[in-house]
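Chemist: Here it is: the structure, laid out below.
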Amino acid sequence: MKEVDYIIVGLGLAGLAFSRELEKNKKTFLVFENDSQHSSKVAGGMYNPIILKRFTPVWDAENQLEVALPFYNELERLLNSTYDTKIDVCRLFTSVEEQNNWFVKCDHPFLSKYLVPEIITKKYRGIDAEFGYGRVIKTGRIDTSALLNDYRSYLKDKGLLRIESFEYDQISFNIDSTTYGNIETTNIVFCEGFGLKKNPFFNYLPMQEVKGELITIYAPKLEIDFVLKSAVFIMPLGKHLFKVGATFNWNDKTSKPTEKGKKELVDKLNKIIKVPYDIIEHVAGIRPTVKDRRPLVGVHPEKSQLAILNGLGTRGVMIAPLVAKELFNHLEKGEKLRKEINISRFTE
Ligand SMILES: Cc1cc2nc3c(=O)[nH]c(=O)nc-3n(C[C@H](O)[C@H](O)[C@H](O)COP(=O)(O)OP(=O)(O)OC[C@H]3O[C@@H](n4cnc5c(N)ncnc54)[C@H](O)[C@@H]3O)c2cc1C
């Protein structure tokens, strides 16, 4: 019988963040990953504390960024690579009202740290920006696909990763132990993203999955050096490549890219840029979103060996490191979870 402190189910951003907490705190663990979900792998990877629809703050953004940025920088050192690209986001204005609203928001105590109080009027080839842009600073992009690939290899080399499905009915709850096959464990932490729906212990939680599709284009005449946010975002990746996304679909529960999703992105993109491009990649994933737009963190109401880290929604990059720490401190140090993230809010 192999003994570990933890089994983690799922190696997306949630599983990765929790596994790092365990490593840092010298806990033993094993991760299961079955490649059924793709949200973290296909994500745009942006971190941005401002909602750019109406220029409002993202919930808990400062606390999240304070933990997230050092977290990714530490991973860069551990895995000897670069994942964090600092890049500004520029919001394309469509009217004078939006410009005025921008200036009003620039006086807000929190927003003023991120919104630059001037309008960019510089012309960029192929982009019609009659009302200019507003610039958001201290934003960036994590290359989640490269990070997860590298971290996967790292865990594999240490013998801590099993590329197989975790089968829920194989857990045995004994009086003084919990076993899964020939593994004895103290805790099981479920980080399955939309895979939650198949989890008989936690599928009572109100996940409202939202499918998203993204394309990557090759556009040699497009010259922006910021993430352009309009009806879609256009994110420079270097070598004339740009990620363009994303769609929001509340009905389709598959991770497959669709012609409809592609057409929606192309139609929106064509209204923003007037330079030629080729589509070279098209991907999709399901964002694990919750009814109240807060993460799902905590311990099962009846089985204290089982915990969950999920519900990262549209902002896993910023949220995952902080909530992983909070879950760890709850399980190991008895620290109270914040009410708004604790899954007990759905049972009390
Ligand atoms: C198109 C798109 C664009 C996005 N852009 C951004 C962005 O710019 N910035 C941002 O912060 N967020 C973005 N997101 C959201 C972000 O991707 C999610 O918040 C985050 O990835 C969720 O991570 P997770 O680990 O909870 O879930 P997932 O990434 O879904 O990971 C769950 C993992 O569990 C595995 N799994 C499930 N069931 C089992 C099982 N039974 N056994 C073994 N393994 C299992 C799955 O294979 C998967 O790898 C985007 C999402 C999409 C779809």
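Chemist: Looking only at region 68-81, decide whether some residue is assigned to a loop (DSSP other than H, G, I, E, B) and not basic (Lys, Arg).
Modeler: Taking every residue of region 68-81 in turn, at least one turns out to be assigned to a loop (DSSP other than H, G, I, E, B) and not basic (Lys, Arg).
Chemist: A further question on this structure: Considering only region 57-65, I want to know if a residue exists there that is away from the ligand (no atom under 15 Å from the Cβ) and without any contact (Cβ under 8 Å) to a residue 60 or more places away in the chain.
Modeler: Yes: one or more hits.
Chemist: Here are the criteria: (1) within 16 Å of the ligand (Cβ to nearest atom); (2) under 30 Å from GLN64 (Cα atoms). Tell me which single one PRO301 does not satisfy.
Modeler: (1)
Chemist: So, THR347, is that one among the hydroxyl-bearing types (Ser, Thr, Tyr), surrounded by fewer than 23 Cβ atoms within 10 Å (Cβ to Cβ) and under 23 Å from THR216 (Cβ atoms) or not? Spell out how you get there, then give the answer.
Modeler: On the way: among the hydroxyl-bearing types (Ser, Thr, Tyr): yes; surrounded by fewer than 23 Cβ atoms within 10 Å (Cβ to Cβ): yes; under 23 Å from THR216 (Cβ atoms): no.
For THR347, the condition - among the hydroxyl-bearing types (Ser, Thr, Tyr), surrounded by fewer than 23 Cβ atoms within 10 Å (Cβ to Cβ) and under 23 Å from THR216 (Cβ atoms) - is not met.
Matching residues to (1) touching a Phe, Trp or Tyr at 6+ places or on another chain (Cβ under 9 Å); (2) within 18 Å of LYS105 (Cα to Cα):
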position: VAL9; (1), (2): yes, no
position: PHE18; (1), (2): yes, no
position: GLU23; (1), (2): yes, no
position: ASN34; (1), (2): yes, no
position: SER40; (1), (2): no, no
position: ASN48; (1), (2): yes, yes
position: LYS53; (1), (2): no, yes
position: GLU62; (1), (2): yes, yes
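Residues checked against (1) touching a helix residue (DSSP H, G or I) at 6+ places or on another chain (Cβ under 6 Å); (2) within 14 Å of the ligand (Cβ to nearest atom); (3) outside any loop (DSSP other than H, G, I, E, B):
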position	(1), (2), (3)
TYR124	no, no, no
ALA129	no, no, no
ARG135	no, no, yes
LYS138	no, no, no
ARG141	no, yes, yes
ASN149	no, yes, yes
LYS156	no, no, yes
GLY159	no, no, no
PHE166	no, yes, no
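Chemist: Let me ask you something else. Sort through ASP252, ASP278 and tell me the only one that's surrounded by fewer than 17 Cβ atoms within 10 Å (Cβ to Cβ) and either in contact (Cβ under 8 Å) with a residue 60 or more places away in the chain or under 24 Å from ASP35 (Cα atoms) (or both).
Modeler: When all the criteria are applied, what remains is ASP278.
Chemist: So which of ASN80, ASN100, ASN34, ASN63 ends up being polar (S, T, N, Q) and under 18 Å from the mean Cα position of the chain (by Cα)?
Modeler: Of the residues listed, the single one that is polar (S, T, N, Q) and under 18 Å from the mean Cα position of the chain (by Cα) is ASN63.
Chemist: Where the second residue is part of a loop (DSSP other than H, G, I, E, B) and among the hydrophobic types (A, V, I, L, M, F, W, C) and the first is within 11 Å of the ligand (Cβ to nearest atom) and lies in region 26-40, which pairs have Cβ atoms under 7 Å and are six or more apart or on separate chains?
Modeler: VAL31/LEU11; VAL31/LEU160; PHE32/PHE166; GLU33/LEU11; GLU33/ILE163
Where a number appears in this text, it was derived from the coordinates with a stated rule and is not lab data. Treat the numbers as computed from the prediction; the structure is a model and nothing was measured. Ideal geometry is used to build each Cβ from the backbone, glycine not excepted, and the neighbour counts take in all protein chains shown.
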